[in-house]
Amino acid sequence: MAKYDKISPETQQEAMKIARANQKPGQTKEQTQLIAQGIQKGIDEYKKQMKARAREASRQKKLQAKAKTLPQGEQEEESEVEVIEISRQHPLPWALLVLSWLAFAGAWFWLR
(Lines give C-alpha, C1' and ligand atoms only; values in the text may rest on other atoms or scores of the structure.)
Protein backbone atom coordinates (compact mmCIF):
# COMPACT_ATOMS: atom_id res chain seq x y z
CA MET A 1 0.00 0.00 0.00
CA ALA A 2 2.93 2.33 0.58
CA LYS A 3 3.47 2.53 -3.18
CA TYR A 4 0.18 4.30 -3.74
CA ASP A 5 0.47 6.73 -0.83
CA LYS A 6 2.72 8.93 -3.00
CA ILE A 7 0.10 9.61 -5.67
CA SER A 8 0.14 13.22 -6.73
CA PRO A 9 -2.90 15.43 -6.05
CA GLU A 10 -3.22 16.03 -9.80
CA THR A 11 -3.52 12.28 -10.40
CA GLN A 12 -6.08 11.97 -7.62
CA GLN A 13 -8.15 14.83 -9.05
CA GLU A 14 -7.97 13.40 -12.57
CA ALA A 15 -8.98 9.93 -11.35
CA MET A 16 -11.94 11.33 -9.41
CA LYS A 17 -12.98 13.39 -12.44
CA ILE A 18 -12.94 10.26 -14.64
CA ALA A 19 -14.79 8.21 -12.00
CA ARG A 20 -17.51 10.85 -11.67
CA ALA A 21 -17.85 11.15 -15.45
CA ASN A 22 -18.51 7.40 -15.70
CA GLN A 23 -20.69 7.17 -12.60
CA LYS A 24 -23.81 5.04 -12.97
CA PRO A 25 -27.21 5.99 -11.50
CA GLY A 26 -27.58 4.66 -7.96
CA GLN A 27 -23.83 4.28 -7.48
CA THR A 28 -22.74 5.18 -3.95
CA LYS A 29 -20.02 7.66 -3.05
CA GLU A 30 -17.90 4.78 -1.68
CA GLN A 31 -18.18 2.87 -4.95
CA THR A 32 -17.14 5.96 -6.88
CA GLN A 33 -14.19 6.39 -4.51
CA LEU A 34 -13.12 2.76 -5.08
CA ILE A 35 -13.32 3.25 -8.84
CA ALA A 36 -11.24 6.43 -8.50
CA GLN A 37 -8.61 4.49 -6.53
CA GLY A 38 -8.47 1.86 -9.26
CA ILE A 39 -8.02 4.56 -11.86
CA GLN A 40 -5.24 6.12 -9.76
CA LYS A 41 -3.45 2.77 -9.62
CA GLY A 42 -3.85 2.39 -13.38
CA ILE A 43 -2.41 5.84 -14.00
CA ASP A 44 0.45 5.09 -11.61
CA GLU A 45 1.22 1.80 -13.41
CA TYR A 46 1.11 3.57 -16.77
CA LYS A 47 3.58 6.19 -15.53
CA LYS A 48 5.89 3.45 -14.26
CA GLN A 49 5.79 1.71 -17.65
CA MET A 50 6.55 4.96 -19.46
CA LYS A 51 9.50 5.63 -17.14
CA ALA A 52 10.82 2.11 -17.76
CA ARG A 53 10.47 2.58 -21.53
CA ALA A 54 12.25 5.93 -21.33
CA ARG A 55 15.10 4.34 -19.32
CA GLU A 56 15.37 1.51 -21.84
CA ALA A 57 15.37 3.95 -24.77
CA SER A 58 18.05 6.01 -23.06
CA ARG A 59 20.12 2.87 -22.43
CA GLN A 60 19.78 1.80 -26.08
CA LYS A 61 20.78 5.27 -27.22
CA LYS A 62 23.87 5.16 -25.03
CA LEU A 63 24.75 1.69 -26.34
CA GLN A 64 24.40 2.89 -29.93
CA ALA A 65 26.57 5.92 -29.22
CA LYS A 66 29.14 3.64 -27.58
CA ALA A 67 29.01 1.25 -30.56
CA LYS A 68 29.81 4.10 -32.94
CA THR A 69 32.99 4.89 -31.02
CA LEU A 70 34.18 1.24 -30.88
CA PRO A 71 36.59 -0.08 -33.52
CA GLN A 72 35.07 -2.21 -36.31
CA GLY A 73 36.29 -5.55 -34.87
CA GLU A 74 34.57 -5.00 -31.53
CA GLN A 75 31.30 -4.07 -33.21
CA GLU A 76 31.20 -7.36 -35.09
CA GLU A 77 31.63 -9.31 -31.84
CA GLU A 78 28.68 -7.49 -30.30
CA SER A 79 26.39 -8.22 -33.25
CA GLU A 80 27.13 -11.95 -33.01
CA VAL A 81 25.84 -12.04 -29.44
CA GLU A 82 22.37 -10.76 -30.37
CA VAL A 83 19.59 -13.26 -29.84
CA ILE A 84 16.71 -13.34 -32.29
CA GLU A 85 13.42 -14.55 -30.84
CA ILE A 86 10.86 -15.97 -33.24
CA SER A 87 7.39 -16.81 -32.04
CA ARG A 88 4.86 -18.92 -33.89
CA GLN A 89 1.24 -19.35 -33.07
CA HIS A 90 0.04 -22.85 -32.47
CA PRO A 91 -2.74 -23.88 -34.92
CA LEU A 92 -4.82 -25.65 -32.22
CA PRO A 93 -6.74 -22.54 -31.02
CA TRP A 94 -7.65 -21.65 -34.60
CA ALA A 95 -8.74 -25.21 -35.34
CA LEU A 96 -10.92 -25.24 -32.21
CA LEU A 97 -12.44 -21.90 -33.19
CA VAL A 98 -13.34 -23.13 -36.68
CA LEU A 99 -14.68 -26.40 -35.25
CA SER A 100 -16.87 -24.59 -32.72
CA TRP A 101 -18.31 -22.30 -35.39
CA LEU A 102 -19.08 -25.28 -37.57
CA ALA A 103 -20.79 -26.96 -34.60
CA PHE A 104 -22.85 -23.81 -33.92
CA ALA A 105 -23.84 -23.56 -37.59
CA GLY A 106 -24.78 -27.27 -37.66
CA ALA A 107 -26.83 -26.96 -34.49
CA TRP A 108 -28.58 -23.87 -35.81
CA PHE A 109 -29.55 -25.61 -39.07
CA TRP A 110 -30.56 -28.78 -37.23
CA LEU A 111 -32.83 -26.89 -34.79
CA ARG A 112 -34.53 -24.85 -37.52
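The values are calculated or read from the model by the stated rules, or taken from the named source; none is laboratory data. Quick caveat, the model's predicted, so the values are computed rather than measured. Every residue, glycine as well, gets a Cβ built from its backbone with ideal geometry; the counts of neighbours run over all protein chains shown. Heads up: the accessible areas ignore ligands, DNA and RNA and are worked out on the full protein's heavy atoms, side chains in. Shrake-Rupley method; radii C 1.70, N 1.55, O 1.52, S 1.80 Å.
Things worth noting here:
- Residue check, Thr11 modelled with pLDDT under 85 and either of a type in the set (D, E, K, R) or open to solvent by less than 70 Å² (accessible area, probe 1.4 Å) (or both): yes
- Complete set of residues in region 48-71 that are open to solvent by 50 Å² or more (accessible area, probe 1.4 Å) and either assigned to a loop (DSSP other than H, G, I, E, B) or within 26 Å of Pro9 (Cβ to Cβ) (or both): Lys48, Gln49, Met50, Lys51, Arg53, Ala54, Arg55, Pro71
- Near pairs, Cβ below 6 angstrom, 6+ apart or cross-chain, from region 23-47 (in a helix (DSSP H, G or I)) to any residue that is open to solvent by 40 Å² or more (accessible area, probe 1.4 Å) and of a type outside the set (Lys, Arg): Thr32/Gln23; Ile39/Ile18
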